[in-house]
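The block underneath contains the structure these notes are about, expressed in structure tokens.
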């Protein structure tokens, strides 16, 4: 894992330009300009976090078909130029802003936007809506209200992205098998192998496995922070948002 850690530094440097271009703060800073960078940033954020909104719509009682149409129509509305001109820099967290926009959309504007997207007059965001319903059936919908479920799914979507990035870095460093063997320690899964069993499987000492897991957890937290940075308008919000999402996940 030491080699993987060294390689991850290079991966962070190589991906820094793309990372910067996906910030919610980029969208807010360019809200009153014709900014291709801001439009691209918004589209990338929406592409990442569309599923929590689908979960919210479904839990509000809409059918799978209507939820798919509504989610797609909402993003078509959100990605229009009018949105970028009207957004204000004081909107705060992208998570909160997105849900507030969706509530307003469901209450007042979905019929108009639905007709527009069917007519091809609005931007189209490619969503994997066909698989969304299969994922939704696994959600704990019986014990949460729509907003709590949205918040939980948002946090889990963020963690999924972190794990994906962490594995990609391990694969790039030739450490895919090591990551797969240690992922259980990272997530705190029940029934995971012991350090000694993992060490035997990988041909390492138990001490080396413990050190590698420690480094993996540190990198995991770094990436978690990076993902949150992309969804806040002010750096002062980072620590509070991290605490909030860890709290949601631990419920």
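I want to confirm something. Restricting to region 28-39 and keeping residues that are in a helix (DSSP H, G or I) and either touching a helix residue (DSSP H, G or I) at 6+ places or on another chain (Cβ under 9 Å) or buried (at least 18 other Cβ atoms within 10 Å of the Cβ) (or both), which single residue is modelled with the lowest pLDDT?
29
Looking at (1) more than 20 Å from the chain's Cα centre (by Cα); (2) assigned to a loop (DSSP other than H, G, I, E, B), which is the one condition that is false for residue 139?
Here residue 139 clears every test but (1).
With (1) within 30 Å of residue 61 (Cα to Cα); (2) crowded, with 19+ Cβ neighbours inside 10 Å as the list, and residue 244 as the residue in question, which single condition is left unmet?
Answer for residue 244: the failing condition is (2).
Given (1) surrounded by 15 or more Cβ atoms within 10 Å (Cβ to Cβ); (2) modelled with pLDDT under 90; (3) over 22 Å from the mean Cα position of the chain (by Cα), where does residue 208 come up short, assuming only one miss?
(2)
Only one of these is modelled with pLDDT of 75 or more, assigned to a helix (DSSP H, G or I) and within 22 Å of the chain's Cα centre (by Cα): 98, 106. Name it.
98
The values are calculated or read from the model by the stated rules, or taken from the named source; none is laboratory data. Every value quoted in this text rests on a predicted model; they were computed, and no experiment measured them. When we count neighbours, we look across all protein chains shown, and the Cβ atoms used for this are built from the backbone with ideal geometry, even at glycine.
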